[in-house]
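Notes follow the structure.
The values are calculated or read from the model by the stated rules, or taken from the named source; none is laboratory data. All figures in this text were calculated on a predicted structure; none of them were measured in a lab. Using ideal geometry, Cβ is built from the backbone for each residue, glycine included, and neighbour counts are taken over all protein chains shown.
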Amino acid sequence: MATRRLAPRAVRTVAPASAGPWLALAAALLLGAAAVYFVTDGLRAWTLDQSREARIARQALRLPAIDVWNQQGHDLRLFEAADSSSSALHTPAASVTPSIYIVDFIYTRCPTVCRALGAEFAQLQRQIAADGMAPRVQLISLSFDPRDTVNDLLGYATSYRANAPGWQVVAAISPDAMTKLLRQADVIAIPDGLGGFEHNGGLHVVDAQGRVLSVHALEDFQQAYAAALAHLRGDRP
């Protein structure tokens, strides 16, 4: 019986895995960790509200100086101290620098929340006048809608009897400047596809340099006013 010889079995060699994918994964993880650290304000905050509160506590939340039109068509610069080295726009509406602003974010076409804010500010305007706190406390309704014209601002102001300079209804002259301010303030305004916006906000108590002292829920306008008075008295840092 003939002996059958078996062919030698081929030896399979496995090439060492390339380090490239692992390095890419490690880089992605590091970038992700850095992003989480940044977004969560150094791991101190896991929501937008928490992040904002952390920045306010560190006095790190500021609204940048911004050039705007008000309801009377006057151009002025907000959130810049009178003694700042930057050149402010000289108009009658900008001639008085308040100690404290109470700021809300609106758009004039808004049929719901912004209308409620208008009613709240109308009440605050009367209360500030009755308390003799004008011009030390001023109200700012800041439109983030680039479509809003001076006529739109005037229409909103007329609806709620907003009287400048005690209550300015304003829109940014530069849309890019408004985008920067919203980003700095952690305010999100996203077109809803129906001609309006989905947005957050709150009532911001702000000093003349743009430093945000506190933020209050939209319905807590009396608390916002009380906070403004407390800061004027020096009761708060």
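Annotation note: of Ala177, Ala171, Ala164, the sole residue that is within 18 Å of Asp67 (Cα to Cα), part of a loop (DSSP other than H, G, I, E, B) and in contact with a strand residue (DSSP E or B) (Cβ under 9 Å, 6 or more places away or on another chain) is Ala164.
Taking only segment 128-145 into account, find how many residues are among the hydrophobic types (A, V, I, L, M, F, W, C) and in contact (Cβ under 8 Å) with a residue 40 or more places away in the chain.
Applying the first criterion (among the hydrophobic types (A, V, I, L, M, F, W, C)) to segment 128-145 yields 128-130, 133-134, 137, 139-140, 142, 144.
Filter once more, so that each one left must be in contact (Cβ under 8 Å) with a residue 40 or more places away in the chain: 128, 133, 137, 140, 142, 144.
Residues in segment 128-145 being among the hydrophobic types (A, V, I, L, M, F, W, C) and in contact (Cβ under 8 Å) with a residue 40 or more places away in the chain: 6 in total.
Within segment 124-136, restricting attention to residues that are within 19 Å of Ala230 (Cβ to Cβ) and part of a helix (DSSP H, G or I), which residue is nearest to the chain's Cα centre (by Cα)? If we take residues in segment 124-136 being within 19 Å of Ala230 (Cβ to Cβ) and part of a helix (DSSP H, G or I), then Leu124 is nearest to the chain's Cα centre (by Cα).
Against the test of being closer than 26 Å to Gly234 by Cα and either modelled with pLDDT under 95 or not assigned by TED's automatic domain parsing to the domain that holds Ala208 (or both), the options Phe121, Phe79 yield a single qualifying residue, Phe79. Selection over segment 166-197 of residues that are under 21 Å from Leu213 (Cα atoms) and in contact with a Pro (Cβ under 8 Å, 6 or more places away or on another chain) gives a count of 5. For segment 213-234, residues that are crowded, with 16+ Cβ neighbours inside 10 Å and under 18 Å from Ile106 (Cα atoms) total 5. When Leu153, Leu229 are screened for being in the same structural domain as Glu80 (by TED's automatic domain parsing), under 28 Å from Ser51 (Cα atoms) and in contact (Cβ under 8 Å) with a residue 12 or more places away in the chain, only Leu229 passes.
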